[in-house]
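The values are calculated or read from the model by the stated rules, or taken from the named source; none is laboratory data. The shown structure was predicted, so the numbers you read here are calculated from the model rather than taken from an experiment. Glycine gets a Cβ as well: all are built from the backbone with ideal geometry, and neighbour counts include every protein chain shown.
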């Protein structure tokens with residue numbers, strides 16, 4: 001028997017569709033109209049002033065989120081790795097390519113760490129605020145303050161992106177369909193003049209006039225704008241590899257904007273030490289005290305909460321080694337455990353909180369040596385020793401204090417590397433002072449009294465004497481840049497400073513990479529990554545990072561061209 | 001991001017079959033040809049550019065076309081009172097091919113993000129489950145470098161040992177592969193194909209390095225009945241599929257961690273291997289990881305899935321025991337696998353059901369081998 005069977009059928013989904021149509025016919029309409037219970041849709045969210053506030057708060061999260069992909073809580077300090085300020089410890093390979101200058105577009109810092117992506121998430125959320133908040137019936141001043149926050153935050157994200165990656169797509173709409181993001185890269189000039197500067201100008205007019213509490217204020221916007229002007233006046237390299245001198249007329253704008261903050265803001269430099277029992281935090285360190293966040297000095301500060309899994313990871317990533325043994329020298333150099341006990345301390349040479357010795361971001365000996373004698377910022381900011389409750393002072397591996405939740409390092413209860421509350425201060429009143437001083441000197445050809453006062457205010461607070469009088473424009477410029485390096489160490493400003501002043505090549509060509517005995521340690525020692533020779537030539541292409549390779553692939557139809565020097 | 005244009009996937013399927021039964025249904029053959037085309041494929045969380053602020057987007061796009069042949073036979077070869085032998089077998093071929101993608105090289109496969117673009121890509125006109133990475137091109141040897149020319153072997157070894165992290169210059173007429181970065185130009189390094197010939201390993205040097213879908217899958221079952229004994233064995237297997245052995249990303253890193261014994265054959269100056277690189281602590285870890293065909297293996301296998309031997313008591317004994325039937329049996333599953341695959345099990349899928357990441361062995365739990373004995377009684 002032979003049986004032949006041929007069938008042809010259009011299948012499945014049509015059948016289900018037909019069933020649904022059948023159901024519709026026999027159902028009442030109310031039954032079918034459901035509010036989805038498991039998510040909040042755009043239509044129902046942007047309806048009240050309260051929700052407008054919540055939605056605006058949400059835009060900060062991608063940069064300050066406590067997670068392994070946090071930008072200011074983990075990945076962004078890598079911008080300064082490989083400069084003369086920041087290195088990684090021996091055998092810590094994550095940033096090996098930063099030292100050998102072989103960064104490629106597939107590096108996990110660009111991809112899995114989402115340093116690039118998270119800025120865009122922040123921009124998208126700011127765009128949502130700008131799109132939906134105007135439709136809400138609410139107090140106009142309050143509404144414009146929220147819009148100002150969104151403009152300022154979006155500008156800040158673009159400012160980071162444009163300095164790190166150059167040309168960018170101009171994403172300015174709430175994403176509704178693919179045409180909102182399928183865009184070519186626009187020049188850095190357009191990003192500055194069409195998005196960053198106008199956004200901050202709106203924000204400085206409309207944001208709240210208050211001290212900073214984690215949200216963009218009028219003064220946050222003005223200070224970011226002053227930094228933008230200062231940066232735009234300086235040198236940079238384009239995505240096409242061209243060297244750009246910058247528009248010097250922006251120095252005057254930076255000067256005036258910084259002056260507005262000095263003259264008109266409620267912010268000030270903290271000048272009082274903080275005394276807690278035997279612990280004395282010098283005034284220069286008080287803005288970073290975990291117990292009193294958002295100080296009068298802070299103008300943009302990203303928060304981190306001491307709730308499990310929500311803390312900043314920086315305490316972990318900045319910890320250079322398990323213990324301080326090499327730093328003490330040979331075993332015989334270590335102190336006795338106690339009188340009558342001939343054993344040498346060992347475990348005590350580590351912080352009681354036992355931070356994991358990740359060592360991504362540790363200070364260079366070059367930075368340590370940069371500080372003037374008597375500068376309180378050095379011994380506070382670069383921890384090389386700590387006092388135990390039993391009265392002994394132990395040496396530890398040099399560590400950035402600004403990156404640490406000291407409670408976690410000292411083993412306080414309910415702390416862990418995921419469970420910290422060290423906020424990241426991005427801008428503070430000291431920025432206004434030093435931007436003003438630098439910009440005034442550039443714009444007017446020589447320093448005026450106010451500029452000198454501004455620098456001296458910073459210096460005096462750090463326990464240093466006034467600058468010598470009668471400095472020329474060049475001498476004063478050098479003095480301000482030296483001061484910036486001391487004041488803002490660890491604050492992710494070094495590489496950007498070196499680029500805008502065209503010193504990236506010169507300042508990284510002879511970096512001191514070995515610690516010598518007199519620098520706090522009991523012996524010469526090194527803890528540097530093997531590729532960090534201190535005299536690698538910084539290639540022109542690495543003024544900018546490559547666009548992450550995945551993004552290049554996804555934007556192939558948008559005609560993106562990779563930054564110059566990184567291949568395709 | 002909401003997508004107001006979501007719609008059903010549409011599948012059009014064409015089947016042509018031939019059933020053939022011969023000799024009073026003693027031999028039954030089935031041939032099937034199928035062509036299944038799914039259009040408006042609904043892809044959840046498809047990667048979109050990050051300037052959207054979203055990592056993924058659920059949308060209808062692309063088509064998958066599967067063409068294939070299936071053949072099965074059910075043959076009662078011997079049918080006697082004392083001996084019966086039945087053979088069931090099936091063989092199928094066919095591949096699912098994707099097209100209609102907006103762009104080539106869409107990320108898929110394992111660990112998107114960590115491995116930029118993932119271990120597989122969706123490429124117009126290529127199979128689902130196409131592995132995409134670098135092809136190896138041998139190991140750098142002394143003679144590839146200017147500095148080692150004209151030296152005796154002892155001198156070459158001595159020069160190499162002076163500084164094992166030094167970099168050297170390839171000879172003028174060198175036309176082999178390149179190491180993962182320019183600062184690794186030295187003997188003993190793994191070399192990769194430099195497709196664009198620019199001397200730097202990059203995205204454009206990646207190519208198709210394997211296919212996760214098999215060419216052929218089959219199963220063969222034989223059943224014998226000899227008097228009161230019954231005996232059956234069942235083989236299955238597949239040919240022509242590649243597997244990404246994800247565990248080997250660490251185990252064959254030629255680095256300082258625990259490694260497979262193969263690392264004993266690493267390149268050393270005294271025994272310069274032509275297939276294994278030198279051991280180097282900086283090989284390991286994310287920044288230095290290169291996804292290459294070192295981690296792709298042939299996943300073809302034949303497996304003895306099941307053997308069963310049974311004995312049923314004869315009718316006269318059953319009558320005495322007042323039972324309808326009583327059968328003892330012993331059965332074994334997963335008794336052996338013939339394969340060149342070095343992991344536990346070549347028949348793997350990363351998440352079990354993610355059709356966009358076929359053929360990844362990520363420390364999958366090995367299949368158990370089971371021996372069972374049993375007794376069936378019918379009252």
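Within region A:359-395, can you find the residues that are free of Cβ contacts under 8 Å to residues at least 12 places away in the same chain and assigned to a helix (DSSP H, G or I)? A:379, the sole residue that qualifies. Entry remark, region A:512-539: residues being assigned to a loop (DSSP other than H, G, I, E, B) and touching a strand residue (DSSP E or B) at 6+ places or on another chain (Cβ under 9 Å) number 15 in total. Any idea which residue in region B:143-171 is surrounded by the most Cβ atoms within 10 Å (Cβ to Cβ), counting only those that are more than 14 Å from chain A (Cβ to nearest Cβ) and without any contact (Cβ under 8 Å) to a residue 12 or more places away in the chain? Top of the filtered list is B:151.
From the list B:244, B:253, exactly one residue is away from chain A (no Cβ under 14 Å) and surrounded by 18 or more Cβ atoms within 10 Å (Cβ to Cβ). Which is it?
B:244
Based on what the data block shows, is residue A:498 away from chain B (no Cβ under 14 Å), touching a helix residue (DSSP H, G or I) at 6+ places or on another chain (Cβ under 9 Å) and within 30 Å of residue B:106 (Cβ to Cβ)? Answer is no for this residue.
Checked against (1) under 22 Å from residue A:223 (Cα atoms); (2) more than 13 Å from chain B (Cβ to nearest Cβ), residue A:187 passes all but a single condition, namely (1). Restricting attention to region A:169-183, the residues that are more than 7 Å from every other protein chain (Cβ to nearest Cβ), part of a loop (DSSP other than H, G, I, E, B), closer than 19 Å to residue A:42 by Cα and free of Cβ contacts under 8 Å to residues at least 40 places away in the same chain add up to 2. Are any of the residues in region A:396-416 in contact with a helix residue (DSSP H, G or I) (Cβ under 7 Å, 6 or more places away or on another chain), surrounded by 15 or more Cβ atoms within 10 Å (Cβ to Cβ) and free of Cβ contacts under 8 Å to residues at least 40 places away in the same chain? Checked region A:396-416: no residue is in contact with a helix residue (DSSP H, G or I) (Cβ under 7 Å, 6 or more places away or on another chain), surrounded by 15 or more Cβ atoms within 10 Å (Cβ to Cβ) and free of Cβ contacts under 8 Å to residues at least 40 places away in the same chain.
Of the residues that sit in region B:111-133 and are modelled with pLDDT of 80 or more and in a loop (DSSP other than H, G, I, E, B), which one is surrounded by the most Cβ atoms within 10 Å (Cβ to Cβ)?
Per the stated criteria, the residue is B:119.
Applying the set (1) within 14 Å of chain A (Cβ to nearest Cβ); (2) within 25 Å of residue B:245 (Cβ to Cβ) to residue B:124 leaves exactly one unmet item: (2).
Of all residues in region A:542-554, those being within 12 Å of chain B (Cβ to nearest Cβ) and in contact (Cβ under 8 Å) with a residue 24 or more places away in the chain number 7. Scan region B:305-318 and tell me whether some residue there is under 19 Å from residue B:239 (Cβ atoms) and either at pLDDT 90 or above or buried (at least 20 other Cβ atoms within 10 Å of the Cβ) (or both). There is at least one residue in region B:305-318 that is under 19 Å from residue B:239 (Cβ atoms) and either at pLDDT 90 or above or buried (at least 20 other Cβ atoms within 10 Å of the Cβ) (or both). In summary, strands (runs of 3 or more DSSP E) completely within region B:1-110 and bearing 3 or more residues that are more than 10 Å from chain A (Cβ to nearest Cβ) and under 30 Å from residue B:207 (Cα atoms) occur at B:27-39, B:42-47, B:56-60, B:63-79, B:83-99.
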